[in-house]
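Working notes, structure below.
The values are calculated or read from the model by the stated rules, or taken from the named source; none is laboratory data. Note that this is a predicted model, so its numbers are computed, not measured. Cβ placement follows ideal geometry from the backbone for every residue including glycine, while neighbour counts extend to all protein chains displayed.
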Amino acid sequence: MKSISYIIDPDGDVELLLKQPNSHKLVPYDPSDDLDRESEDRMNKPTVACGALDAKYHEFDDLLSPAEDEEEEDPGLPGTKVCRWLTKALSTTETPSTSEAGTPPGDEVHMRVSSRHLTLASRVFRTLIQGLWAETSSTSLHFGKPLRQVTAEDWDAVALAIVLDIIHGRHGHVPRVIDLRLMTHIATIVDFYECHEVAKIFSETWYKNMSTEFEDEYPRQTLLWLSVSWVLPNQEVFDRAAQAILKHMDGRQLNTDNLPLHKVLPKIEDKRLELINQIVKALYDLLDTLPNSDYFCGWRKFDSPTCHSIALSILVRELERLESCDPPFEPPFNGHSIMSMIQLVNDIPESIAATTEEYDHYHDVSVCSVRGRMRHVLGDVKAEMNSWTLNLNMNVRAG
């Protein structure tokens, strides 16, 4: 068992005991997840050069094995060394091979801190130190004198130290450049202890000093951006992450219990269901109205039946097929995203006439086909999907 001492306030009256440091998994490894492995590997590469952190937080190196403490050159920053321990400590993905190689059970970090600073910055710490739980707190002699002990578990040690340094006004030690993994660990701690206000000024600096570009997809990285921008508000980053997840979320979510997303993901899921229901309702409304439709497209070269009859036959066949398929074509539409539902409508076949070269709109969607009649609905759904947002000012909570 390794024991690390980290003194933030030499005169502090509280010992914060961190048990099993670096055990917090942001997004647990899922062997059934088919995420692109190359993208996942890039996501695990640290963007912080070793020198940006090791001068102050080097003592946490001892929590990892010597092999993990080696340095290697960052391929993205030639000539710059990257901490192997930082990669390990800030890794977003645990695999069967790495989950057993983390901090051994029993390792501890002892941090000497000030109750006054903690209670001013965080109502959670205020409750722990002054509230109903205060009488049950134990006393520690780790630093040579009796101190009230507050315990925590699993947090990333570097992230917790940074948050506590910010709370105690030791701003000269706080890094101005961090990567997404470390920022997510920090955001998770900030949200748990409800100390959003003290972290705000540094979050603005971190956003300025890091690339906030990410793909319009729904991998783990987008979840990290969503959680970071939700806790440490950045409306532009949040909107892009939320809209990407809204487009591609299919109801079968990754395990996000360790991310501070319990308030925002249900809102995105509600919007997903609303927009999918809008598409499905339009299909069944079309099924009800087509038998009595008197719409004519004016195309008569082959003396074809009226277009609404052709569209009705195609729609009936496609809906019967969808109703018997897997995943189920019914609420909550697990397995279906908004984008896949839009593609499903666009894949509904055209009539033979509309795919004939003599047809006036060959290579285009026939205005009287199922796709043509659904075009305005899909347009409305896309517009709402691409503009959907939440007001982050409603999430800002004082400590």
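Remarks
- Residue within the stretch 288-299 that is closer than 22 Å to residue 328 by Cα, at pLDDT below 95 and in the same structural domain as residue 316 (by TED's automatic domain parsing) present: yes
- From the list 270, 288, the lone residue that is in a helix (DSSP H, G or I), within 30 Å of residue 192 (Cα to Cα) and over 13 Å from the mean Cα position of the chain (by Cα) is 270.
- Here 186, 162, 178, 167 are screened, and the one residue that is surrounded by 21 or more Cβ atoms within 10 Å (Cβ to Cβ) and in contact with a His (Cβ under 7 Å, 6 or more places away or on another chain) is 167.
- The residue pairs whose first member lies in the stretch 334-347 and is among the acidic types (Asp, Glu), whose second member is surrounded by 14 or more Cβ atoms within 10 Å (Cβ to Cβ), and whose beta carbons are closer than 9 Å, counting only pairs six or more residues apart or on different chains, are 347/318; 347/371.
- Residue 196 satisfies every condition listed in (1) under 25 Å from residue 266 (Cα atoms); (2) at pLDDT below 95 except (2).
- Test: residue in the stretch 97-115 that is part of a loop (DSSP other than H, G, I, E, B), in contact with a Cys (Cβ under 6 Å, 6 or more places away or on another chain), of a type outside the set (A, V, I, L, M, F, W, C) and at pLDDT 90 or above: no
- Where residue 311 falls short, out of the listed (1) more than 29 Å from residue 270 (Cα to Cα); (2) modelled with pLDDT of 95 or more: (2)
- Filter result for residue 208 (over 13 Å from the mean Cα position of the chain (by Cα) and either modelled with pLDDT under 95 or surrounded by fewer than 20 Cβ atoms within 10 Å (Cβ to Cβ) (or both)): yes
- Residues of the stretch 343-399 classified as on the phi < 0 side of the Ramachandran plot and modelled with pLDDT under 65, total: 18
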